[in-house]
Amino acid sequence: MTNNDIADAVVIGTGAGGAPLLARLAMAGLKVVALEAGKFWKATEDFATDERAQDFLFWNDERLSAGNDPMAFGRNNSGTGVGGSTLHYTAYTPRLQPDDLQLRTDFGVGEDWPLDYHQDIEPYYDELEAFLGVSGPSPYRWGPARRTAYRYGPLPVNAAGRLMEQGCREVGIQTSPAANAALSAPQFQEGYGWRSACTNRGFCQAGCNNGAKASMDVTFIPLAIQYGAEVRAECFVTGFERDTSGHITGVVYEQNGETKQQLTRNVFLCAGAVETPRLLLINDLANRSGQVGRNLMAHTALQIWGEFDDETVPWRGIPGAIISEDTHRANGLANYPGDFVGGYLLQSIGVMPVTYASQMARGRALWGQDLHDAMSRYRHVAGINILGECLPYAHNYLELSDEKDSRGLPKPRVHFSMGENEEQLTSHANQIMRDIWTAAGARNIWAFPRNAHVIGTARMGTDPDLAVVDPDGRSFDVPNLYISDNSTFPSALSVNPALTIMALSLRTADKFLNGLSTTH
Amino acid sequence: MYENTSQTPVRDLLQSDRVTPATRTALTERLAQPPVTEPQFFTQDEFVRLQRVCDRLIPQPDDERVDLAGPIDERLANGTTNGWRYNDLPNDGEAYRLFLTGIDQAAEANYDRPFDALTDEQQADILLLVQQGEAPGPVWQQLPADRFFEELLAEVVEVFYSHPMAQEKIGYTGMADQTSPPAPLLHKERGVEH
């Protein structure tokens with residue numbers, strides 16, 4: 001397709017929000033073009049088992065982090081390249097639980113989702129888990145009973161997982177092998193070929209090099225291309241052309257230093273919860289509600305680390321092998337009463353050496369001989385962490401700063417301060433995780449405070465005055481603009497977001513296609 | 001479990017068939033990288049001071065040294081970042097320059113000598129004051145000392161533990177990423193499809 005052909009849809013961003021709908025639209029016979037800021041890698045040849053060499057996976061354009069709990073970006077939670085952040089996600093794919101969608105109903109704060117779990121989300125989970133090849137236990141201990149088993153059994157449990165099982169047993173917490181979107185057996189993927197089973201290399205967060213992990217570049221992207229989608233890498237979108245009725249008619253982007261424009265009938269903005277609101281704010285678009293950039297949330301993600309007598313070889317195996325959702329609500333554990341809205345999951349974690357050393361520097365502030373001593377015990381380290389609810393607050397938001405990036409566009413400034421609920425929840429988790437690690441035999445236990453996954457900056461809702469997009473992901477203000485990424489989440493959820501982002505992506509595509517078939 | 005008694009286990013691995021080409025290339029290039037002697041971003045004086053700082057943060061034996069200040073100079077000269085910075089810090093290059101001026105001011109205030117002329121212990125004491133946000137000197141009125149120290153320490157530590165020689169010291173062997181047999185069937189099967 002040339003820039004002067006009119007595409008049926010331009011998809012901006014190829015991560016968990018963009019890639020599934022790109023494939024869906026292409027399979028429906030639409031002419032679709034994806035514009036991706038990053039490069040198109042060939043992971044099996046390009047990816048090294050080395051954290052520094054893999055820095056190219058992260059969105060390293062500078063963001064300004066403000067507030068009492070400034071968010072780390074880059075390696076912490078933002079990606080670039082065809083596949084987006086799925087290139088470096090840990091592939092942790094728990095399902096949300098139905099009550100995650102009704103915080104306001106249950107607690108009187110936060111937001112309800114305008115969606116029904118069984119009708120709007122569960123069918124897509126079923127489809128995605130089979131397509132991606134999620135490895136997990138069936139039955140699964142928490143949430144509604146699954147209608148189908150996971151396609152593959154769980155991945156092997158590494159040392160951190162075994163220690164979490166042991167510690168949890170002693171303090172009375174149930175555990176289970178976790179669902180991970182990485183293959184425990186080879187799988188043939190349409191448009192790609194055979195994806196290998198996971199080799200326990202443990203480098204999910206620095207990019208999988210054998211196709212075992214279900215990142216978009218080995219799943220939905222090749223499927224989309226098979227059905228005729230065009231993926232243009234290294235294209236940075238800067239703006240839009242619009243007609244007098246307010247419809248978008250073209251997407252403006254930079255490629256190799258040249259400004260180009262792709263004509264299109266529809267736009268799907270899937271750039272993640274920082275770049276999506278940033279692009280809208282820069283273009284003063286789709287913001288009649290004033291909610292673009294507001295309601296910014298981030299999962300509470302406190303980590304607890306400890307050293308064990310036995311070697312753990314912490315870089316080996318799927319990092320998040322074991323899960324517990326007994327803490328999904330504050331009243332989940334009789335011996336650990338809590339008082340907070342929502343809840344969290346518990347997860348065992350492995351860690352790569354540079355990430356661990358860097359977190360020791362920031363979290364324990366060790367240097368000199370103290371640092372050498374602590375790092376000499378790296379082979380004995382294991383971690384456990386949470387992924388928890390975060391409420392939206394007026395004081396947490398994204399804005400455009402006066403500082404410009406290399407393209408002359410304003411850098412985003414992200415304000416984030418934990419509220420009382422996040423403090424309470426984190427404090428509850430801190431005690432539980434220390435008890436688990438103590439029971440498992442850990443010494444030198446230390447905590448690394450962390451918040452991850454930006455969420456909520458272009459929220460969905462039913463009221464155009466309070467939300468940016470409707471429940472289908474369609475902009476209230478710009479009729480041919482859809483948003484599909486974690487910016488549309490009305491609440492943060494007490495689970496990792498990737499699987500739900502993909503589910504909403506497929507749902508938005510289906511709603512869009514339904515609309516086409518009823519109007520023609 | 002970890003029974004490799006070689007003094008250079010990672011370097012041995014890189015010579016073996018247990019490492020994929022992409023990984024071998026990344027690590028052998030890093031090993032072969034000569035230390036920076038002519039800084040591109042810092043002045044020579046600043047660079048030498050930064051080297052002293054790195055020596056205090058991560059002491060190293062004389063016979064096997066990882067260049068720590070060099071990669072920082074290269075990054076700042078290239079203008080790349082790690083994707084974010086604290087809103088109350090100036091841009092990375094300016095923050096580093098202010099820091100290097102600031103530790104000189106603190107050294108003069110406490111010892112009547114420039115930082116470079118202090119003993120190792122005195123230099124470490126100055127850095128500790130910076131880390132605690134208590135270093136004397138006008139620079140520290142405009143540069144949040146503890147925040148910058150965290151950024152500095154994280155960068156130095158990341159440079160160090162990315163290096164095969166440092167990874168040997170902590171028994172890390174995860175770069176042995178070649179599975180056997182290598183890359184089963186992938187490309188062959190893709191060919192069969194057509």
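Since every read-out is calculated from the coordinates, none of them should be taken as a lab result. Here the structure is a predicted model, which is why all the values come from computation and not from measurement. Using ideal geometry, Cβ is built from the backbone for each residue, glycine included, and neighbour counts are taken over all protein chains shown.
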Cut-off under 5 Å, modelled amide H: who pairs with A:Gln189 long-range = A:Trp194, A:Arg195
Mind checking A:49-59 for the average number of partner chain beta-carbons within 10 Å of each residue's beta-carbon?
-> 5
Please average, across the residues of B:31-44, the number of beta carbons from any other chain that are within 10 Å of each residue's own beta carbon, and give a whole number.
-> 0
What size of dipole, in debye to the nearest 20, comes out for chain A about its Cα centre when the only charges are +1 on Lys and Arg C-beta atoms and -1 on Asp and Glu C-beta atoms?
-> 840 debye
Counting Lys and Arg as +1 and Asp and Glu as -1, each charge on the Cβ, what is the dipole of the range A:440-510 about the Cα centre in debye, to the nearest 20?
-> 560 debye
Inter-probe distance in nm under a simple model that places probes 7 Å from Cα toward Cβ, at B:Glu121 and A:Val252 = 6.4 nm
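Apply 1/(1 + (r/R0)^6) to the Cβ-Cβ distance of A:Thr244 and A:Leu516, taking R0 = 25 Å, and write down the FRET efficiency to the nearest 0.05. Write down the numbers at each step before the final one.
On the way: r = 23 Å, r/R0 = 0.93.
E(calc), rounded to 0.05, equals 0.60.
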So what's the gap between the Cα centers of the range A:18-65 and the range B:134-160, to the nearest angstrom?
-> 34 Å
State the three equivalent ellipsoid semi-axes of the range A:4-84, derived from the C-alpha gyration tensor as the square roots of 5 times its eigenvalues, in descending order and whole Å.
-> 29, 18, 10
Given the candidates A:Gly343, A:Gln262, A:Ser65, the one whose Cα lies deepest towards the positive end of the charge dipole of the range A:9-519, counting +1 at each Lys or Arg C-beta and -1 at each Asp or Glu C-beta, is A:Gln262
Work from the charge dipole of chain B (Cβ charges, +1 for Lys and Arg, -1 for Asp and Glu, about the Cα centre) and give the residue of B:Gln40, B:Thr81, B:Trp140 farthest towards its positive end.
-> B:Thr81
Among A:Pro490, A:Pro20, A:Gly207, the residue whose Cα sits farthest towards the positive end of the charge dipole of chain A (+1 at Cβ of Lys and Arg, -1 at Cβ of Asp and Glu, taken about the Cα centre) is A:Gly207
Taking Cα pairs under 8 Å and at least six residues apart, what relative contact order does the range A:460-515 come out at, in percent?
-> 26 percent
Could you give the size of the charge dipole of the range A:386-481 about its Cα centre, using +1 on the Cβ of each K and R and -1 on the Cβ of each D and E, expressed in debye and rounded to the nearest 20?
-> 560 debye
Taking every alpha carbon pair in chain A and sorting the distances into 20 angstrom bins from 0 up to the bin holding the longest one, the percent per bin comes out as 24, 59, 16, 0
Take the alpha-carbon centre of the range B:27-77, take the same for the range A:500-515, and report the distance between them in whole Å.
-> 51 Å
May I ask you to derive the relative contact order of chain A, considering only C-alpha pairs under 8 Å and at least 6 residues apart, and to give it as an integer percent?
-> 24 percent
May I ask you to derive the relative contact order of chain B, considering only C-alpha pairs under 8 Å and at least 6 residues apart, and to give it as an integer percent?
-> 31 percent
Net charge over other residues, Cβ less than 12 angstrom from the Cβ of A:Leu391 (K, R count +1; D, E count -1) = -4
